[in-house]
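Some notes on the structure that comes next.
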Amino acid sequence: MSGLVVSELVKSFDGTPVLRGASLTVADGELAAVLGPSGCGKTTLLRIVAGFERADSGSVRIGGQEVTGLPPEKRRVGIVPQEAALFPHLSVEDNVAFGLPGRSRWPRRPRPEAAGRVAECLELVGLAGYGSRMPHELSGGQQQRVALARALAPGPGVVLLDEPFNALDRSLRGTVRDQVREALERAGATAVLVTHDQEEALSMADTVAVMRDGVIVQEGTPGEVYSAPRDLGVATFVGEAVVLDAVASGGVASCVLGDLEHSANGAAGPGRVAVRPEQVVLAEGDRGTVERVEFFGHDAAVTVALPEGVVIRARTRGDVAYRPGDRVGVSVRGPVLFFPPSGYGRDHG
């Protein structure tokens, strides 16, 4: 039985369509990332699942139960907001227990059972022994994990994470993402992460749902969405790519980079290719001029200008020896993505 099934949601505000038939399925115990730019409708989708907004049409099922007409407190949904939003006057354990004793949202539990559940959830998020601390005594990442523990404590049918890492320093995000992902797995929780961060979605989720103009345009594993995007708009949103005009014939796409093997079986005629930076190979030669080298430690990005007016980026090892002004040879490794005009989709911007 699926943990969450969203079917054909439609929603408008003041006559402006926001959701245009959005559908999403998340299996029990899986984490799905809804990935899209600002204004695509992903936050509205989340709010309808939570019960904070009412859809014009469509349905929401959680754990096999139809919840479309139920108020938020009857849906068994846990929320992890953009900022932890902890109660500053309550200790960590009291924050986590807030939804447990005497709350209408879930059945009342005896105090000892509530204390045991709080300890269990703090253990799940790696904060055992932190119960007596106050929120101001915690780091931003720790506060966010307390918010997750609070969301998990009542045993929700689904946990909704609304861009929960935005307020964290970049240096913290990777670590906290890993900790949150591990906690969700240990809890066996069904979860939906709403984000505009491609790296976040691809690295955390079991399933990635790409949203555009109020609909889910592609849903699949991170590998499927990255390597086999439905259209050019998805290809350029879920990862970096150089887009070039090309003509396909006999399994080869001809463009300024030469005759390239492509992935669109049977395609013929004009279109565009999308070349990922990791496919671009630099070597000795005189094909282009290095314009910029960006060092990231484990790897580097090298920007190369070609005489045809095309600028490409190559991902290479961090010990790259190229410098601006160097002349280099350029080739492409592996099949590229080819899209006929009907498969351009829409640029996410």
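The values are calculated or read from the model by the stated rules, or taken from the named source; none is laboratory data. These figures come from a predicted structure and were not determined experimentally. Note that each Cβ is placed from the backbone with ideal geometry, even for glycine, and that neighbours are counted across all protein chains shown. With ligands, DNA and RNA removed, areas are computed over all heavy atoms of the protein, side chains included. Shrake-Rupley method; radii C 1.70, N 1.55, O 1.52, S 1.80 Å.
Stokes-Einstein diffusion for the stretch 1-102 at 10 °C, viscosity 1.306 mPa s, with a Kirkwood radius from C-alpha pairs, works out to 105 µm²/s. Roughly how far apart, in whole Å, are the Cα centres of the stretch 169-190 and the stretch 265-287? Each part's Cα centre sits 36 Å from the other's.
Based on the alpha-carbon gyration tensor of the stretch 188-273, what equivalent-ellipsoid semi-axes (square roots of 5 times the eigenvalues) come out, in whole Å, largest first?
Taking √(5λ) for each eigenvalue gives 30, 12, 12 Å, largest first.
Projecting the Cα atoms of VAL243, GLY126, SER203 onto the charge dipole of the chain, computed from C-beta unit charges around the Cα centre, puts GLY126 farthest toward the positive end. For the stretch 191-349, the equivalent ellipsoid derived from the Cα gyration tensor has semi-axes of 27, 22, 12 Å, listed largest first.
For the chain, the equivalent ellipsoid built from the Cα gyration tensor has semi-axes of 44, 25, 15 Å, listed from largest to smallest.
What is the percent of Cα-Cα separations in the stretch 117-224 that go past 22 Å? Working shown, then result.
Working: 1938 of 5778 pairs.
Here the long-distance tail beyond 22 Å is 34 percent of all Cα pairs in the stretch 117-224.
Each Lys or Arg adds one and each Asp or Glu takes one away; over the other residues whose Cβ falls under 12 Å from the Cβ of VAL18, this sums to 0. In the stretch 261-311, Rg over Rh equals 1.05, where Rg is the alpha-carbon radius of gyration and Rh the Kirkwood radius from pairwise Cα distances. Of VAL125, VAL5, the residue with the largest accessible area leads and the full order is VAL5, VAL125 (1.4 Å probe). Each of SER203 and HIS89 was given a label point 7 Å from its Cα along the Cα-to-Cβ line. The distance between the two points is 3.9 nm. Can you tell which of ALA274, ALA300, GLY285 lies farthest toward the positive end of the dipole of the stretch 263-311, using +1 and -1 charges on the Cβ of basic and acidic side chains (Lys, Arg; Asp, Glu)? The listed residue farthest towards the positive side: ALA274.
Considering only Cα atoms, the convex hull volume of the stretch 44-201 works out to 117 Å³ per residue. Farthest toward the positive end of the dipole of the chain, out of GLN218, VAL92, GLY258, is the Cα of VAL92, where the dipole comes from beta carbon charges about the Cα centre.
Under the convention that each Lys and Arg Cβ holds +1 and each Asp and Glu Cβ holds -1, the size of the dipole of the chain around its Cα centre is about 980 debye. Here the sum of -39500 (n - 2.57) over DSSP H runs of 4 or more residues, divided by the residues of the chain, equals -6500 deg cm²/dmol at 222 nm, to the nearest 500.
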